[in-house]
Amino acid sequence: MDVKAILMGLSFSLMWSSAFATARIIVAAAPPLHSLALRFFLAGVIAILIAKLMGQTWRLTKSQWRATLIFGLCQNALYLGLNFIAMQKIEASLAAIIASTMPLLVALLGWIFLREKLRPLAVLGLLTGFFGVALIMSDRITTGVDIKGLILCVIAAVALATATLTMRGASGGGNLLMVVGLQMLVGSAILSVASWLWEPWFLVPSPALFWAFTYQIFIPGLTATLLWFALVARLGAVRASSFHFLNPFFGVLIATFLLGEALHPRDIIGVAIIMLGIWAVQMARAAAQLAARTPE
């Protein structure tokens, strides 16, 4: 894995993980689905306007339209919608930890549906990373956790894994920023209907709510999503998703700093194990690339 890809992955993981702590601020002061629907609408419109100024068009390929619809449903509506609801009951750091199990789910779905092959070291790395996540989670569960919120986060992780596997169709054909904007509008439309049907309205205005909402639009919303498209195009869905293993570290760290959530001793051990898992996945990919270039 080259240096640029590593920097892209680290930046994406940091931005992505920061969304959990800022989401906790939002859902404490406003309904989660209404908030997300508005966030996606504003971010989507901004992305489309910028894309048009760059000369991009919404004349997408069939695979791009399919990926846009699936990604808008699975990531924006299901993954983020369920996580926002869950974070009314559970800590932001725990939501980030559950999300980091996504690479294992991506590998499993890729193996079942796409017949993707992983080297033994990559499999070991993914399992090691999952063990690190489980170690962190076990401490949280024993101290008491909202089971409904936990289940919603698990379902959300499966939805995110599904969305990740659709990225291949979205990464080719150009118009990348336009794709980002359109999939946000898809998520906004779905969440708008859901919010008006099932969610009560409330609002507690504050500077913290304003800045958290603005941050979510431009950093996790626009920048991180665009970076994720580019990262998957560069590395592939399974290997790019290994950077989600960093979410426990960044998620716990940001939640501790921003929200004052507790930092547990097992968190440090778990993060070290997760880093080892990422290293194994990267080494497996480097070995595969070397073997492909070496003449027999």
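Read-outs: derived from the displayed coordinates by stated rules, not from any lab. All values reported here derive from a predicted model rather than from experimental measurement. Cβ sites come from the backbone with ideal geometry, for glycine too, and all protein chains shown count toward neighbours.
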Amide N of region 83-101 lying under 18 Å from the label point, which is placed 7 angstrom from the Cα of residue 139 along Cα→Cβ: 91-101
Modelled FRET efficiency - R0 41 Å, residue 50 with residue 112, Cβ distances, 0.05 increments: 0.65
Candidates 23, 134, 163: whichever shows maximal mean-square fluctuation once the chain is modelled as a Gaussian network with Cα springs under 10 Å: 134
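When the Kirkwood hydrodynamic radius is evaluated over all pairs of different C-alpha atoms of region 206-251, what value in angstrom, to one decimal, is obtained?
By the Kirkwood definition, the hydrodynamic radius is 12.0 Å.
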Volume in Å³ per residue [convex hull over Cα atoms, computed for the chain]: 136 Å³
Separation of the residue 198 and residue 223 label points, Cα + 7 Å toward Cβ, nm: 3.3 nm
Spatial separation of Cα centroids for region 183-257 and region 65-86, in angstrom: 10 Å
The chain: relative contact order as a whole-number percent, Cα under 8 Å and 6+ apart: 40 percent
Burial order of peptide ranges 266-272, 250-256 (average beta-carbon count within 10 Å, highest first): 250-256, 266-272
